[in-house]
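J.: First, the structure itself, so that you have it in front of you.
The values are calculated or read from the model by the stated rules, or taken from the named source; none is laboratory data. Computed from a predicted structure; not experimentally measured. Cβ atoms come from the backbone with ideal geometry, glycine included; neighbour counts cover every protein chain shown.
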Amino acid sequence: MSQSRLNSSMQKYILFLFFGVFLGTFYGCVPNQKIIYLQNKEGLENLSEGKVINYEIPDYRLQYNDIIDVNIKTVEDLLRDGFNVLGEQTTQNSMVGQVAQSGGDIYYMNGYNVDKEGFVRLPMIGKVSVIDKTIEEARLVIEEKVKAFVKTELYVKVKLGGIRYSALGEFRKPGKFVVLQDRMTIFEAIAHAGDLTTVAKRDNLILIRQNPEGTEIHTIDLTDRKIVQSPYYFIQPNDQLYAEPMKVRELGSGENATQSLALIVSSISAVALILNIAIR
């Protein structure tokens with residue numbers, strides 16, 4: 001084959017590869033419709049801004065491996081210490097900060113764990129069944145048990161030891177989290193995990209929820225504004241979130257036009273180098 005024909009063939013290869021650059025850049029990027037949260041989807045009733053959305057948060061029922069915080073005070077304690085809620089809260093917040101800095105969990109260290117049979121073991125009182133009970137129902141049961149030992153007025157407070165959940169897959173900071181709140185939305189949970197990556201399937205987030213009866217799996221569309229009306233808008237303890245990658249991740253494309261172009265140019269450079277060596 002003559003040198004001119006080789007040069008002509010190489011020019012055709014280069015033109016073909018540059019054409020591939022434009023196609024790869026165009027198809028390798030993630031469109032905005034795939035990454036914007038809370039959109040009003042076409043063909044569905046719109047949720048206008050400022051509209052008040054009514055929802056009912058189901059009471060969480062305690063299950064195996066939950067941790068609760070139990071605080072019991074008698075009238076004598078209240079008379080001696082007063083309603084020193086602020087002082088207690090400040091001390092507790094200080095302990096939470098110290099434990100958090102060391103990578104631990106204050107409620108795991110000081111709370112009461114629900115065992116496999118659904119009991120918590122409290123000092124003096126012994127085993128108390130709290131399985132499948134709401135926090136208020138557990139408080140009333142514990143209060144009745146304490147009355148067998150204390151004849152004065154009682155103040156019993158029971159709190160869930162934070163919301164524990166896991167974030168897996170296409171999160172910027174996947175892992176296990178403990179958030180010291182009584183309730184938390186799915187967007188707050190995502191924010192704690194550093195948000196989703198650009199290539200995460202926001203319209204197909206998988207929620208794995210544990211119940212006393214077993215495990216449920218639900219698919220959530222975060223791009224649809226109607227998520228705020230969903231019963232899965234609020235995270236429950238022991239929830240697991242899994243974000244699958246889009247096809248662009250499977251194909252090895254970049255998360256945006258710049259990354260896609262860089263990947264394609266690198267591939268073209270490698271192919272051009274091989275062709276250059278082959279025709280010498």
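J.: Name, by its number, the condition in (1) at pLDDT 95 or above; (2) of a type in the set (D, E, K, R); (3) closer than 26 Å to residue 38 by Cβ that does not hold for residue 182.
T.: Condition (1) is where residue 182 drops out.
J.: Inside the stretch 112-127, can you point out the residues that are on the phi > 0 side of the Ramachandran plot and either among the polar types (S, T, N, Q) or not in a loop (DSSP other than H, G, I, E, B) (or both)?
T.: Of all residues in the stretch 112-127, those on the phi > 0 side of the Ramachandran plot come to 118, 124, 126.
Within the stretch 112-127, just 126 meets the criteria.
J.: Another one. Before we move on, is residue 135 under 19 Å from residue 66 (Cβ atoms), surrounded by 13 or more Cβ atoms within 10 Å (Cβ to Cβ) and touching a Pro at 6+ places or on another chain (Cβ under 6 Å)? Break it down into steps so the answer makes sense when it comes.
T.: Details: under 19 Å from residue 66 (Cβ atoms): yes; surrounded by 13 or more Cβ atoms within 10 Å (Cβ to Cβ): yes; touching a Pro at 6+ places or on another chain (Cβ under 6 Å): no.
So residue 135 does not fit the description; no.
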